[in-house]
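The values are calculated or read from the model by the stated rules, or taken from the named source; none is laboratory data. Note that this is a predicted model, so its numbers are computed, not measured. We place every Cβ from the backbone using ideal geometry, glycine too, and count neighbours over all the protein chains shown. For the accessible areas, the whole protein counts, side chains as well, though only heavy atoms, and no ligand, DNA or RNA atoms are used. Shrake-Rupley method; radii C 1.70, N 1.55, O 1.52, S 1.80 Å.
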Amino acid sequence: MDPKSASNLSFILNKPHDVQFSDRPVPSLQSSHDVLVAINYTGICGSDVHYWEHGAIGHFVVKDPMVLGHESAGTVIQVGPEVKTLKTGDRVALEPGYPCRRCQPCLSGKYNLCPEMRFAATPPYDGTLTGFWVAPADFCYKLPDNVSLQEGALIEPLAVAVHIVRQAVVTPGQSVIVMGAGPVGLLCAAVARAFGASKVVSVDIVESKLAFAKSFCSTHTYISQRVPAEQNAANIRKEADLPEGADVVIDASGAEPSIQTSLHAVRTGGTYVQGGMGKSDITFPIMAMCIKEVTAKGSFRYGSGDYKLAIELVASGKVDVKKLVSGIVAFKEAEDAFKKVKQGEVIKILIAGPNEKLEQAGAAVTAKA
Ligand SMILES: NC(=O)c1ccc[n+]([C@@H]2O[C@H](COP(=O)([O-])OP(=O)(O)OC[C@H]3O[C@@H](n4cnc5c(N)ncnc54)[C@H](O)[C@@H]3O)[C@@H](O)[C@H]2O)c1
Ligand SMILES: OC[C@H](O)C(O)[C@@H](O)CO
């Protein structure tokens with residue numbers, strides 16, 4: 001494909017609920033280590049929907065029009081002169097955040113914590129719902145032949161889950177409770193199974209999500225009740241036959257009642273990981289954490305090795321991300337796709353790139369939320 005003659009249609013958020021399609025100039029390589037990628041598929045993340053609805057997440061505020069999207073896979077169409085790892089035609093999963101590589105977190109190996117991070121579709125940086133994307137070659141991961149470009153677009157949320165489960169240090173034989181059965185919670189449950197957890201309990205407030213979790217990977221499910229957190233946790237422990245509590249509890253909901261329940265559901269000496277990002281401040285059961293000597297950790301995006309492992313989990317068949325895809329739509333249907341995610345009708349919807357010839361556009365919704 002010749003990028004000079006191709007359209008670089010982009011899906012742009014002007015302000016809440018005000019989007020437009022606009023043909024932007026095809027970007028040029030910024031460094032000799034960059035590649036130009038034609039975007040094939042992009043998944044919609046809850047954060048994209050949040051910007052579309054509210055124009056802000058915390059202190060990240062959309063002030064100027066911003067291209068949405070950051071869960072993408074594409075095809076390399078141009079490589080910089082110093083790129084040694086990729087060639088034209090390679091299919092890649094895009095890691096969408098570019099750190100400075102010079103600060104203390106970067107140099108200590110925790111580049112996801114770089115204060116200068118330029119993350120796609122996080123203001124002021126544009127996202128990947130566009131025709132062409134320029135990225136450093138080392139943040140583009142070549143897909144093995146048996147991993148499709150659609151699966152490639154699911155590597156980003158899978159890498160989020162890999163990072164969370166690594167933070168939890170899940171080991172074979174352990175019990176893991178995952179609060180929330182949206183895409184991130186489902187993928188955490190699947191990664192925990194792949195890491196050898198023998199019992200994985202998914203908890204949600206929506207019955208259909210738990211039915212899907214059971215068919216996807218979870219050994220047990222529990223529908224969270226509107227009761228005090230301690231009672232809710234006692235019920236989960238009873239239902240899942242975990243009288244002492246779980247070795248690991250992961251919150252992938254961001255919901256205050258779920259976080260409170262988690263601290264009562266984890267065993268003495270167990271580990272709790274905060275993956276969900278909801279309200280900034282909540283009431284937290286700090287006494288339960290203290291007297292049980294719970295190891296509590298946060299988890300933010302992904303870092304060294306997470307994309308690589310996510311791709312290996314898909315390539316080896318250990319995590320079947322295809323099952324999460326509810327449908328694939330043409331680029332021009334992007335706004336409709338956002339509405340479907342907002343209405344909770346789908347688990348993961350993919351938007352084809354603007355230059356993608358799509359037989360499956362408007363494909364029937366298969367995975368229902
Ligand atoms: N840490 C990170 O780097 C990172 C990256 C991506 C997403 N996230 C966050 O992870 C969370 C999950 O993402 P997602 O895309 O799966 O979102 P989602 O909204 O699809 O899933 C959240 C799930 O939590 C469930 N839920 C709500 N209240 C609950 C409760 N009281 N108990 C149990 N379950 C409850 C919802 O029904 C839903 O199924 C979000 O908060 C998102 O912002 C964090
Ligand atoms: O998967 C990555 C997340 O969606 C982002 O961190 C987002 O929440 C804020 O930029």
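Of all residues in region 157-180, how many are within 16 Å of ligand 2 (Cβ to nearest atom), farther than 16 Å from Val249 by Cβ and either open to solvent by 10 Å² or more (accessible area, probe 1.4 Å) or of a type in the set (Phe, Trp, Tyr) (or both)?
Within region 157-180, the subset within 16 Å of ligand 2 (Cβ to nearest atom) is 157-167, 180.
Of the ones still in play, those that are also farther than 16 Å from Val249 by Cβ are 157-160, 162-163.
Okay, now just the ones that are also either open to solvent by 10 Å² or more (accessible area, probe 1.4 Å) or of a type in the set (Phe, Trp, Tyr) (or both), so 160, 163.
Residues flagged as within 16 Å of ligand 2 (Cβ to nearest atom), farther than 16 Å from Val249 by Cβ and either open to solvent by 10 Å² or more (accessible area, probe 1.4 Å) or of a type in the set (Phe, Trp, Tyr) (or both) within region 157-180 amount to 2.
In region 295-328, how many residues are of a type in the set (Lys, Arg), more than 21 Å from Ile349 (Cα to Cα) and outside any helix (DSSP H, G or I)?
Qualifying residue count for the region: 2.
For Asp23, work out the one condition from (1) free of Cβ contacts under 8 Å to residues at least 24 places away in the same chain; (2) within 16 Å of ligand 1 (Cβ to nearest atom) it doesn't fulfil.
The failed condition is (2).
Out of Gly275, Gly196, Gly270, Gly254, report the one residue that is open to solvent by less than 50 Å² (accessible area, probe 1.4 Å), within 22 Å of the chain's Cα centre (by Cα), at pLDDT 95 or above and more than 16 Å from ligand 2 (Cβ to nearest atom).
On the way: Gly275 fails: more than 16 Å from ligand 2 (Cβ to nearest atom); Gly270 fails: within 22 Å of the chain's Cα centre (by Cα); Gly254 fails: more than 16 Å from ligand 2 (Cβ to nearest atom).
Result of the check over Gly275, Gly196, Gly270, Gly254: Gly196.
From the list Ala213, Ala233, Ala229, pick out the single residue that is away from ligand 2 (no atom under 16 Å from the Cβ), in contact with a Pro (Cβ under 8 Å, 6 or more places away or on another chain) and among the small types (Gly, Ala, Ser).
Only one candidate qualifies: Ala229.
Tally up the residues in region 281-300 that are buried (at least 18 other Cβ atoms within 10 Å of the Cβ) and under 15 Å from the mean Cα position of the chain (by Cα), please.
Residues in region 281-300 being buried (at least 18 other Cβ atoms within 10 Å of the Cβ) and under 15 Å from the mean Cα position of the chain (by Cα): 1 in total.
Out of all the residues in region 199-221, which are among the aliphatic types (A, V, I, L, M), surrounded by fewer than 23 Cβ atoms within 10 Å (Cβ to Cβ) and in contact (Cβ under 8 Å) with a residue 12 or more places away in the chain?
The initial filter retains those residues of region 199-221 that are among the aliphatic types (A, V, I, L, M), namely 200-201, 203, 205-206, 210-211, 213.
Keeping just the survivors that are surrounded by fewer than 23 Cβ atoms within 10 Å (Cβ to Cβ) gives 205-206, 210-211.
Of everything in region 199-221, those that are among the aliphatic types (A, V, I, L, M), surrounded by fewer than 23 Cβ atoms within 10 Å (Cβ to Cβ) and in contact (Cβ under 8 Å) with a residue 12 or more places away in the chain turn out to be Ile205, Val206, Leu210.
Can you tell me which residue among Asp306, Asp320 is crowded, with 19+ Cβ neighbours inside 10 Å and under 21 Å from Cys217 (Cβ atoms)?
Unique residue meeting the criteria: Asp306.
Does any residue of region 272-284 turn out to be of a type in the set (Val, Ile, Thr) and near ligand 1 (Cβ under 10 Å from one of its atoms)?
yes
Does Glu333 satisfy the criteria of being at pLDDT below 95 and either more than 24 Å from Tyr111 (Cβ to Cβ) or assigned to a helix (DSSP H, G or I) (or both)?
When the stated conditions are applied, Glu333 does not pass them.
Quick grid of which residues meet (1) open to solvent by 10 Å² or more (accessible area, probe 1.4 Å); (2) away from ligand 2 (no atom under 11 Å from the Cβ):
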position	(1), (2)
Ile44	no, no
Ala73	no, yes
Cys103	yes, yes
Leu107	yes, yes
